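Take a look at the structure set out below.
What follows draws every value from the coordinates through simple rules; no lab data is involved. As the structure is a computational prediction, the values presented were derived from the model and not from experiment. Methodologically, a virtual Cβ is constructed for each residue, glycine included, from the backbone with ideal geometry; neighbour enumeration extends over all protein chains shown.
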Amino acid sequence: MLLSSDLPIQEILDNVNVSNSTYFYQKFKKKENCTPTEYRHYYKKIRSTNDADLNWLLKE
């Protein structure tokens, strides 16, 4: 859900019944070396860059 939606992080946590968001953020940052928001921004940027590259290739 983190990458497939634009819902606020807290709303996603509520939807999947995470009751301790502080704990979640700590574990996420330890595992991914960034916050959930940073992770989302990074992968959306990568995806949009890859989509642009793919569109260029398809035009040939």
I want the local charge near residue 41. Using Cβ-Cβ distances under 14 Å, sum +1 for each Lys or Arg and -1 for each Asp or Glu among the other residues.
+1
Please compute the net charge surrounding residue 3, taking Lys and Arg as +1 and Asp and Glu as -1 over other residues with Cβ under 13 Å from its Cβ.
+1
So if each residue of separation counts as 0.36 nm, and I subtract the Cα-Cα distance between residue 34 and residue 15, what length gain in nm does that give?
4.7 nm
